[in-house]
Amino acid sequence: MRDVIIIGGGPAGLQAALTLGRLHRSVLLLDAGSYRNDPAAHMHNFLAQDGTPPAELREAARSDLAAYDTVEVRAAAVDRVSGVADDFAVHLADGSVERSRRIILATGLRDEVPDVPGVDELWREGDLVAHCPFCHGHEMAGQVVGVLGAERAGHLVAMMAPVAASMVVLADGEPVDEDARAFLAARGASVVEGKVERVERSGAGLVAVVEGEPVALGGLFVGPTSHQAAPFAEQLGLATLPSGGVEVDVMGRTSVDGVLAAGDMAHEASLPMALAAVLVAAASGLKAGAACVQSLL
Ligand SMILES: Cc1cc2nc3c(=O)[nH]c(=O)nc-3n(C[C@H](O)[C@H](O)[C@H](O)COP(=O)(O)OP(=O)(O)OC[C@H]3O[C@@H](n4cnc5c(N)ncnc54)[C@H](O)[C@@H]3O)c2cc1C
């Protein structure tokens, strides 16, 4: 029986393990080896780590954890979690079962990008198709930057206007009313009507083909749909918010006693959305780890 099993070895889970390890709590961290920012070669917007490859950050964190004897980090996938506070059972994909008094879920989200040919491939390659201006906006500085779909375009155009040379909204068949057009025009953005047939790499940038006509871009923002990466919140009956995030309080406690959640999968109700960033995920892992220590006293 360990004190805590952490499921997830991204920044949230790794930091939670460090916080618990420093208080000599027995911890098993299970990591299936697939991370939300796998497509990104470099991560940004993290003090002193701007531009670090995400895998390097995780490796450094695992190496920090090696100094703490009570922490075990294991590459393993989990199928199911059951039980109640002080007696949780974590069923691994290899058939074994591990037990703990507390659970920290840090399993992250999975993204589904719009179903336009070429978008998924370029998203996975990571350098030209992105979703977050805070993470990747500066890398598109001085370029003609596209936004796929009209619905979120106003917000993205307004955020990126000082960074990009100009912006192009690929409406992709979505309506753009007069007010939206005026808003976009005032920020120097043009609108290309019509369905986007495909996007493909071209030189250092990409080309979006809209009804046979090529639109040359230096980068493209898309709005992925995000889902919980693992089924454990459902299995444990945790309350969720309309965002799909697991509802947590400021310390990462969920609606079920003994279960905490951290990182992208968790959503504090007072925030308009789950804040998805590496530094925020690590900070929430620290809070969940600290809350676990308190609840074990
Ligand atoms: C393309 C892209 C680029 C990004 N770039 C940046 C950036 O530049 N800067 C920034 O701050 N943020 C960036 N983000 C956001 C950032 O990736 C997330 O905020 C961060 O990774 C969240 O960390 P996490 O620990 O919650 O989840 P993750 O890092 O996704 O980790 C989830 C963990 O859960 C494990 N897991 C899931 N299911 C199971 C299971 N069944 N069994 C065992 N383990 C399981 C996974 O293996 C993994 O270890 C980017 C996101 C994307 C999509």
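Restricting attention to the range 84-136, and to residues there that are β-branched (Val, Ile, Thr) and open to solvent by 40 Å² or more (accessible area, probe 1.4 Å), which single residue is nearest to the ligand (Cβ to nearest atom)?
97
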Report summary line: residue 82 fails exactly one of (1) small (Gly, Ala, Ser); (2) in contact with a Phe, Trp or Tyr (Cβ under 9 Å, 6 or more places away or on another chain); (3) on the phi > 0 side of the Ramachandran plot, namely (3)
Query - Residue that is nearest to residue 165 (Cα to Cα) [pool: residues in the range 204-228 that are open to solvent by 40 Å² or more (accessible area, probe 1.4 Å) and under 29 Å from the mean Cα position of the chain (by Cα)] - result: 216
Query - Any hit, the range 91-113, residues being out of contact with any strand residue (DSSP E or B) (no Cβ under 9 Å at 6 or more places or on another chain) and aliphatic (A, V, I, L, M) - result: no
Query - Among (1) in contact (Cβ under 8 Å) with a residue 60 or more places away in the chain; (2) under 23 Å from the mean Cα position of the chain (by Cα); (3) open to solvent by 70 Å² or more (accessible area, probe 1.4 Å) - the single one residue 30 does not satisfy - result: (3)
Report summary line: All-but-one check, residue 11 against (1) touching a Leu at 6+ places or on another chain (Cβ under 6 Å); (2) under 20 Å from residue 275 (Cα atoms); (3) crowded, with 23+ Cβ neighbours inside 10 Å, failing number (1)
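Any residue at all in the range 84-105 that's modelled with pLDDT of 95 or more and under 30 Å from residue 127 (Cβ atoms)?
No.
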Requested in this report: Check residue 20 against each of (1) assigned to a helix (DSSP H, G or I); (2) within 30 Å of residue 195 (Cα to Cα) and name the one condition it does not meet.
Outcome: (2)
Query - Residues (open to solvent by 60 Å² or more (accessible area, probe 1.4 Å), more than 11 Å from the ligand (Cβ to nearest atom) and not in a loop (DSSP other than H, G, I, E, B)) located in the range 264-294 - result: 286, 287, 294
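Would it be correct to say that residue 40 is open to solvent by 60 Å² or more (accessible area, probe 1.4 Å), within 9 Å of the ligand (Cβ to nearest atom) and under 22 Å from residue 279 (Cα atoms)?
no
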Query raised in the report: Taking the range 240-263 as the search range and keeping residues that are open to solvent by less than 30 Å² (accessible area, probe 1.4 Å), within 14 Å of the ligand (Cβ to nearest atom) and among the small types (Gly, Ala, Ser), which one is farthest from the chain's Cα centre (by Cα)?
Result: 252
**Report entry** Close pairs (6 angstrom Cβ cut-off, 6 or more residues apart or separate chains): among the polar types (S, T, N, Q) in the range 174-200, surrounded by 14 or more Cβ atoms within 10 Å (Cβ to Cβ) anywhere
**Finding:** 190/168
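Answer with yes or no whether residue 236 is open to solvent by less than 30 Å² (accessible area, probe 1.4 Å) and more than 11 Å from the ligand (Cβ to nearest atom).
So residue 236 fits the description; yes.
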Query raised in the report: Could you give every pair whose Cβ atoms fall below 6 Å, whose first residue belongs to the range 34-46 and is in contact (Cβ under 8 Å) with a residue 60 or more places away in the chain, and whose second residue is in a loop (DSSP other than H, G, I, E, B) and open to solvent by 60 Å² or more (accessible area, probe 1.4 Å), counting only separations of at least 6 or pairs across chains?
Result: 44/50
Query - Any hit, the range 104-123, residues being under 17 Å from the mean Cα position of the chain (by Cα) and of a type in the set (Phe, Trp, Tyr) - result: yes
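The values are calculated or read from the model by the stated rules, or taken from the named source; none is laboratory data. None of these values were measured; they are calculated from a predicted model. Cβ coordinates were reconstructed from backbone atoms using ideal geometry, including for glycine residues, and neighbour counts include every protein chain displayed. When the accessible area is computed, the model is the full protein with side chains, heavy atoms only, and any ligands, DNA or RNA have been set aside. Shrake-Rupley method; radii C 1.70, N 1.55, O 1.52, S 1.80 Å.
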